Amino acid sequence: MTFAVTPLSDAMGARVTGLDLSKPISKDMFEQVLAAWYEHLVLVFTDQNITNEQHINFSSRFGPPEIHPEDKYLLDDHPEILLLTNRKDQKGDYISLKDGGSVWHSDLSYMDHPSRCSLLYGIEVPPDGGDTEWINMYKAYETLPKETKKRIANLNAAHQFDNRLNPRLERPKDASEVAGAGSIWSPLTDDVKARTPDAIHPIVRTHPDTGRKALFINRRFTIKVDGMDPDEGENLLLDLISHAENPDFSYRHTWAKGELVLWDNRCTMHIARGGVPEGQIRTMQRVTITGDRPY
């Protein structure tokens, strides 16, 4: 089995063709996948037709799957898989997170061991909307002024799952967007809160596999600079976040059914661009792999 890797943009991303993820992949072949992933950060595997078990099995080649702390959105028979869909039940309630990726973030950065990578599989793709966009956080760091690099070299920041504790996020004015299931603004249970205390991570992390430095902050989960005056820290974070959210550092992907996209949470952040019209369905399933404590 051979496959081809085609870059998708100057900033990041590549399309992988000729690789069937429903079949066993040799160690040598997987090493080639790893090399392409380390180079391009985001890999789009086209024309896949995989079962839940095959999705989990391929994902597990990258490490142990993470069980998401918000367990009400996991598949009952496969808790390694997080369901992301805008489908509703008979009562008209969303059956999963409809807005889970609607703010720039890195998956599970609020955990003590943030995610190594995520693997998202497109099951139902709408004709309109539903794009995903990634930012290359290597480039975000490398293009900072030297003085800024010196200032942040030894700083840490706190990451928090509860959006209500983030000073820069504005809650929806429509109460129906906050209450009940299906929203990132739904109140967290005491059990979920207990599993997601603040995590303190370096603002600049070193990638354990490539040795490159990347900014490790994001608009959604990074809430303050540890040990810094709140206003000073927030101004610093906003400057860094605004710098990182530069279209020149990004790749925006328009999905096709049967694509599986792999990305590196250690050196990227991403956002779900939404825009799916009422009546069109977008269904994705994600496996997330546990990573190391950042340094």
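The values are calculated or read from the model by the stated rules, or taken from the named source; none is laboratory data. Everything quoted here is computed from the prediction, not taken from an experiment. When we count neighbours, we look across all protein chains shown, and the Cβ atoms used for this are built from the backbone with ideal geometry, even at glycine.
Figure legend. Inter-residue proximity from region 4-25: first residues of a type in the set (S, T, N, Q), second residues assigned to a loop (DSSP other than H, G, I, E, B) and at pLDDT 95 or above, beta-carbon distance below 9 Å, spacing 6+ or different chains. Indicated pairs: Thr17/Thr46; Thr17/Asp47; Ser22/Gln48; Ser22/Asn49; Ser22/Ile50; Ser22/Thr51. Scan region 259-282 and tell me whether some residue there is surrounded by fewer than 19 Cβ atoms within 10 Å (Cβ to Cβ), out of contact with any Cys (no Cβ under 8 Å at 6 or more places or on another chain) and free of Cβ contacts under 8 Å to residues at least 12 places away in the same chain. Yes, region 259-282 contains a residue that is surrounded by fewer than 19 Cβ atoms within 10 Å (Cβ to Cβ), out of contact with any Cys (no Cβ under 8 Å at 6 or more places or on another chain) and free of Cβ contacts under 8 Å to residues at least 12 places away in the same chain. State which residue is modelled with the lowest pLDDT when the search covers only region 1-31 and only residues that are over 21 Å from Tyr121 (Cβ atoms) and not charged (D, E, K, R). It comes out as Thr2. Taking the listed residues Asp112, Asp131, the one that is surrounded by fewer than 20 Cβ atoms within 10 Å (Cβ to Cβ), in contact with a Phe, Trp or Tyr (Cβ under 9 Å, 6 or more places away or on another chain) and modelled with pLDDT of 95 or more is Asp131, with no other qualifying. Could you tell me whether Asn49 is out of contact with any strand residue (DSSP E or B) (no Cβ under 6 Å at 6 or more places or on another chain), among the polar types (S, T, N, Q) and without any contact (Cβ under 8 Å) to a residue 12 or more places away in the chain? So Asn49 fails the test.
May I ask you to verify whether Asp226 is among the charged types (D, E, K, R) and more than 24 Å from Gly291 (Cβ to Cβ)? Judged against the criteria, Asp226 is not a match. Counting only strands (runs of 3 or more DSSP E) that sit wholly inside region 182-245, those with at least 1 residues that are more than 16 Å from Ala153 (Cβ to Cβ) and touching a helix residue (DSSP H, G or I) at 6+ places or on another chain (Cβ under 6 Å) are 222-225.
Within region 122-130, none of the residues are touching a residue at least 12 places away in the same chain (Cβ under 8 Å), within 17 Å of His201 (Cβ to Cβ) and not in a loop (DSSP other than H, G, I, E, B). Filtering Leu21, Leu97, Leu83 for residues that are part of a strand (DSSP E or B) and either under 22 Å from the mean Cα position of the chain (by Cα) or over 18 Å from Lys257 (Cα atoms) (or both) leaves a single hit, Leu83.
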